[in-house]
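This report concerns only the one structure given below.
The values are calculated or read from the model by the stated rules, or taken from the named source; none is laboratory data. For clarity, every value in this text was computed on a predicted model and none was experimentally measured. No Cβ is skipped: glycine too gets one built from the backbone with ideal geometry, and neighbour counts run over all protein chains shown.
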Amino acid sequence: MSAAAPCKLKASDYKSGTRPVWCPGCGDFHILASLTKAVAALALAPENIAVVSGIGCSSRIPAYLNCYGFHGVHGRALPMATGLKVARPDLTVICAGGDGDGFSIGGNHFLHACRRNVDITYVVMDNEIYGMTKGQPSPTTAPDWDTELAPGGTGVSPFHPLVIALASGANFVARAFSGDVKGTTKILAEAISHPGFSFVQILSPCVTYRPDQREWKNKVHPPPVSFTTDAAQAARRVMTDDGFNIGILYKGSRDKYGQAVERSGDFERDLHEEFLV
Amino acid sequence: MSKTGKNFTPAELLVHALAIELEAVQSYKELAEQMEQCANTDVAGLFDKMAKLEAEHAEKIRDTAGNMELPELAPWDFRWSGLEPPENIDIASVHYLMTPHQALTLALENELSAMAFFDAVAHDSTDDQVGLLAQEFAADERQHVAWMKDWLAKYPPPDDDWDYDPDPPAALD
């Protein structure tokens, strides 16, 4: 991305008047800022954006945005977003939520959303915890995170969302850090612009239940190499990194869902259009 | 547009200076709202005052820019020294029970960062107009630093148990 699109609206115009109820210090504030800056930079009209979420602290984000929004059922944001995009391909559909919502309750949907490659952007605000329900370990929690709720840690290997996204067929895969608003804004703008299913994991500290995550700002760093278009190479890189490389990891060129129909004959196109809402 | 370092054109420097203040206004306003939600009214009031102070500074920069046509930069094309514009509070440093002294300490750090940013531009620039503008902005920030220090002196440092909450958010006891 080299130049700014002509901005008709400011980032603040994409924020609703509803005040976020996130805890002061929560990384999700920065993600809200990055997302509004990204859509403003892309000059997307608010009436052409839909943000779909599940349940959790981060899933409150549609309420704080001045665009269409759907605060849905726990773990089911991706099926909703997929259905919406297939029915209304003219909309920019962004799906948002947390690591528990997306990788545990909605884990199955995550795999198949990557596989289907519908042209949506999935933003997971990962704080490695269930924050809204007061601090239980989530699928991305380290196995030795010792708390009163999980004495001695869970002992269970964490879910590796980036590798799973790559293995399942996501067309754009990136990791960002909420405190890096400028970098996250750029990654989100690229993810939204990239055809097919784009997955962005954003490390977002939960300062209430994981105050140790305040240190993430000192741990994140740019990746040593640029993104690749080879999914296997991307997977090898991310499997061996320290978990704090931020940046775009992979950009694929797989046809997005429906592209084959678009290229085929009139009959199929007519049939497809007939069922559009 | 220059691509690296602090070789700004006058218009680019003005865009950066304006963005620093406008982002700070937004950031302080949001922090004031967050503190108000947590019933920390003293700190909410301080952040609100900081937002007003930065808004006045933004107006001053607009006046300096006058009729000059300012370039439109994408958010990722701004050249900050750190991850964020220098006057944005690091949100991870914020706590719902923070004291006015802690809030003003963060605000002071911001003013110092902004001063350092403009001092660096003034030092590095080879353009006389940019150098003069950067010196002017650095002087403004220096004045803000002095204000912050005076303000800070009025509030005692926090007690050791400043973050004690008799009804903490964690339900793990």
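Test A:K85 against the stated conditions and say whether it is away from every other protein chain (no Cβ under 14 Å) and in a helix (DSSP H, G or I).
So A:K85 fits the description; yes.
Any residue that is under 23 Å from A:V118 (Cβ atoms) and part of a loop (DSSP other than H, G, I, E, B) - is there at least one of those in the range A:199-222?
no
Give the residues of the range A:202-235 that are among the polar types (S, T, N, Q), more than 9 Å from chain B (Cβ to nearest Cβ) and either in contact with a Phe, Trp or Tyr (Cβ under 9 Å, 6 or more places away or on another chain) or within 13 Å of A:D180 (Cα to Cα) (or both), sorted by residue number.
A:S204, A:N218, A:T228, A:T229, A:Q233
Which residue is farthest from the chain's Cα centre (by Cα), if the candidates are limited to the range A:113-147 and must be part of a loop (DSSP other than H, G, I, E, B), small (G, A, S) and away from chain B (no Cβ under 14 Å)?
Ranking the qualifying residues of the range A:113-147, first place goes to A:A142.
Looking at B:A65, B:A39, B:A120, can you tell me which residue is in contact with a helix residue (DSSP H, G or I) (Cβ under 6 Å, 6 or more places away or on another chain) and not hydroxyl-bearing (S, T, Y)?
B:A65
Within the range A:28-65, restricting attention to residues that are part of a loop (DSSP other than H, G, I, E, B) and more than 23 Å from B:A92 (Cα to Cα), which residue is farthest from the other protein chains (Cβ to nearest Cβ)?
A:G54
Are any residues in the range B:75-91 more than 15 Å from the chain's Cα centre (by Cα), surrounded by 18 or more Cβ atoms within 10 Å (Cβ to Cβ) and either modelled with pLDDT under 85 or facing chain A (nearest Cβ under 8 Å) (or both), and if so, which ones?
Answer for the range B:75-91, where residues must be more than 15 Å from the chain's Cα centre (by Cα), surrounded by 18 or more Cβ atoms within 10 Å (Cβ to Cβ) and either modelled with pLDDT under 85 or facing chain A (nearest Cβ under 8 Å) (or both): B:P75, B:W76, B:D77.
Within the range A:83-97, is even one residue aliphatic (A, V, I, L, M), buried (at least 19 other Cβ atoms within 10 Å of the Cβ) and out of contact with any helix residue (DSSP H, G or I) (no Cβ under 8 Å at 6 or more places or on another chain)?
Within the range A:83-97 (the criterion being aliphatic (A, V, I, L, M), buried (at least 19 other Cβ atoms within 10 Å of the Cβ) and out of contact with any helix residue (DSSP H, G or I) (no Cβ under 8 Å at 6 or more places or on another chain)), the answer is yes, since at least one residue qualifies.
List the number of the failed condition for A:G25; all other conditions in (1) away from chain B (no Cβ under 14 Å); (2) buried (at least 21 other Cβ atoms within 10 Å of the Cβ); (3) assigned to a loop (DSSP other than H, G, I, E, B); (4) not basic (K, R) hold.
(1)
Yes/no per residue for (1) more than 14 Å from chain A (Cβ to nearest Cβ); (2) in a helix (DSSP H, G or I):
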| site | (1), (2) |
| --- | --- |
| B:E30 | no, yes |
| B:E33 | no, yes |
| B:V43 | no, yes |
| B:F47 | no, yes |
| B:E54 | yes, yes |
| B:K60 | yes, yes |
| B:T64 | yes, yes |
| B:L73 | no, no |
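Is it fair to say B:L108 is farther than 20 Å from A:F29 by Cβ and either surrounded by fewer than 17 Cβ atoms within 10 Å (Cβ to Cβ) or out of contact with any Phe, Trp or Tyr (no Cβ under 6 Å at 6 or more places or on another chain) (or both)?
In short, yes.
Just to verify a result, which residue in the range B:126-138, among those that are farther than 13 Å from B:K60 by Cα and in a helix (DSSP H, G or I), is farthest from the chain's Cα centre (by Cα)?
By that ranking, first place goes to B:D128.
Quick check, is B:N110 of a type in the set (S, T, N, Q), more than 14 Å from chain A (Cβ to nearest Cβ) and not in a loop (DSSP other than H, G, I, E, B)?
yes
Got at least one residue in the range A:181-191 being touching a residue at least 40 places away in the same chain (Cβ under 8 Å), closer than 16 Å to A:F227 by Cα, more than 9 Å from chain B (Cβ to nearest Cβ) and surrounded by fewer than 24 Cβ atoms within 10 Å (Cβ to Cβ)?
Yes, the range A:181-191 contains at least one residue that is touching a residue at least 40 places away in the same chain (Cβ under 8 Å), closer than 16 Å to A:F227 by Cα, more than 9 Å from chain B (Cβ to nearest Cβ) and surrounded by fewer than 24 Cβ atoms within 10 Å (Cβ to Cβ).
I'm told A:P20 meets every condition in (1) of a type outside the set (F, W, Y); (2) more than 14 Å from chain B (Cβ to nearest Cβ); (3) in contact (Cβ under 8 Å) with a residue 12 or more places away in the chain except one. Can you identify the failing condition by its number?
For A:P20, the failing item is (2).
Taking the range A:224-252 as the search range and keeping residues that are under 19 Å from the mean Cα position of the chain (by Cα) and assigned to a loop (DSSP other than H, G, I, E, B), which one is nearest to A:V123 (Cα to Cα)?
Out of the qualifying residues, it is A:I246.
Answer yes or no as to whether B:E54 is under 12 Å from the mean Cα position of the chain (by Cα) and under 25 Å from A:G17 (Cβ atoms).
So B:E54 fits the description; yes.
Any idea which residue in the range A:45-81 is surrounded by the most Cβ atoms within 10 Å (Cβ to Cβ), counting only those that are within 22 Å of A:S138 (Cβ to Cβ) and among the β-branched types (V, I, T)?
Filtering first and then ranking leaves A:V52.
With A:A150, A:A167 as the choices, which residue is in contact (Cβ under 8 Å) with a residue 12 or more places away in the chain, surrounded by fewer than 18 Cβ atoms within 10 Å (Cβ to Cβ) and either in contact with a Cys (Cβ under 7 Å, 6 or more places away or on another chain) or within 11 Å of chain B (Cβ to nearest Cβ) (or both)?
Testing whether each residue is in contact (Cβ under 8 Å) with a residue 12 or more places away in the chain, surrounded by fewer than 18 Cβ atoms within 10 Å (Cβ to Cβ) and either in contact with a Cys (Cβ under 7 Å, 6 or more places away or on another chain) or within 11 Å of chain B (Cβ to nearest Cβ) (or both) leaves just A:A150.
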